[in-house]
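Data first, discussion second: the structure below is written as structure tokens.
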Amino acid sequence: MSEAMLTLQDLEVHFPTKGGVVRAVDGVSLSLRQGEILGLVGESGSGKSTVGKAALRLIDPTGGQVLIDGTDITTARLRDLKPVRTKAQLIFQDPHSSMNPRMTIKRIVGEPLIIHTAIRGAELDQTVARLLERVGLPAQFLHRFPHELSGGQKQRVAIARALAVDPDLLILDEPTSALDVSVQAQILEFLKELHAERPRMTSLFISHNLAVVRFLCHRVAVMYLGKIVEEGPVAQVFSNPQHPYTKALLSAVPLPEATRGAGRIQLEGDLPSPVDRAQGCAFHPRCPVARKGLCDTKAPPRVDTGETWARCHLIGETP
Ligand code: SF4
């Protein structure tokens, strides 16, 4: 692992609404080194999918910078993004909605090759068949339509389509959450193998499932209301979480190392609207250890704790 394949610097994505400004992403900085898999976790509505879309300019950032393999794409014109888009591919949660139901699998997987390469005719058919084989699907699937495939088979097709242009960066947005547990395990194993085969390939893996992140990722970043609140190597964060929000998320997952002996930490209420962000620490209305007069007035600083860091006033003090 060496140079950064994806860098987000103070990324902001704000949406003006009638009720105010939704700060979906509010100053997110992340750096993914070549070959790394970084898990981005948080509750639904935390802004993690918006980070994934803004990283590929599917949504324009309001502020900050996005660099892919050293190229600043933040303000690049759409036509100048084409070379970057061959390097970076997005895989969605619901493969079905990202496929044209009237296209055969051959056309769906072959389309990026037609757009980005000169491969045509018999060579195109062979390349698509090889891609299908790589994701564990037989060549007969070439002539099928999406509705003839199961959820797991469709997600394999989506991965084959993403791999068609030999990307260096994958952004996977909840790629297994719509699948049965057994199919989920197969796809995760496959993604792990793929990374072992392609040491340069880098992935941003967006998920609310901490067990999946623990299985697949090298590092994890925890997001709450548009901000990263804790980040570090998976082994450290899972065995010794620092932020009360990370502790609460981990306490709800049956993992051997997660908050051992601490019991389940029940968070009060739902994730608040990003329009009505609380003063001080945005997590304080739900935080079980919030300190009055501090957490509700002052934004917490970033505190480094070895290889990990977290934003909390009480790092080192919380049990
Ligand atoms: Fe909880 Fe205060 Fe830490 Fe925020 S800063 S997570 S409210 S203890």
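Read-outs throughout are calculated quantities, based only on the coordinates presented, and are distinct from any laboratory measurement. Here the structure is a predicted model, which is why all the values come from computation and not from measurement. Don't worry about glycine lacking a Cβ; one is built from the backbone with ideal geometry, like all the others, and counts go over all protein chains shown.
Of all DSSP bridge pairs formed entirely within the chain, close to 60 percent run antiparallel. Specify the angular offset, from 0 to 90 degrees and rounded to the nearest 10, of the alpha carbon long axis of helix 121-134 from the longest principal axis of the alpha carbons in the chain. Compared with the principal axis, the helix lies near 40 degrees.
Ratio of Rg to Rh for the stretch 97-166: 0.92 [Cα atoms; Kirkwood radius as inverse mean 1/r over pairs].
Charge tally for P274 (other residues, Cβ to Cβ under 15 Å; Lys, Arg +1; Asp, Glu -1): +1.
Packing, taken as the mean count of other beta carbons within 10 Å per residue, orders the peptides 36-45, 15-24 from highest to lowest as 36-45, 15-24.
Considering the chain, its Cα convex hull presents a mean projected area of 17.4 nm². Sorting the segments 49-60, 107-118 by their residues' average number of neighbouring beta-carbon atoms within 10 angstrom, most packed first, yields 49-60, 107-118. The length gained by stretching the chain between D270 and R102 to full extension, at 0.36 nm per residue less their Cα-Cα distance, is 56.5 nm.
The length gained on full extension between D296 and Q9, counted as 0.36 nm times the residue separation minus their Cα-Cα distance, comes to 100.7 nm.
The amide H of Y224, built 1.01 Å from its N in the peptide plane, has V229 as neighbours under 5 Å, considering only residues 5 or more places off or on other chains. Where only DSSP H runs of four or more residues are counted, the chain gives -8500 deg cm²/dmol as its mean residue ellipticity at 222 nm, each run worth -39500 (n - 2.57). Working note: Debye formula, equal point scatterers on the alpha-carbon atoms of the stretch 92-214, no solvent; log10 I(q)/I(0) at q = 0.13 Å⁻¹ is -0.49. For the stretch 97-166, the relative contact order works out to 46 percent when only alpha carbon pairs closer than 8 Å and six or more residues apart are counted.
Relative contact order, whole percent, for the stretch 177-319 stands at 19, derived from Cα pairs under 8 Å and 6 or more residues apart. Once the gyration tensor of the Cα atoms in the stretch 23-168 is diagonalised, the equivalent ellipsoid follows with semi-axes of 30, 18, 13 Å, ordered largest first. Compared with the dominant Cα axis of the chain, that is its longest principal axis, helix 181-197 is turned about 80°. Panel note: the C-alpha atoms of the stretch 199-319, placed on their principal axes, show extents of 47, 32, 29 Å (largest first).
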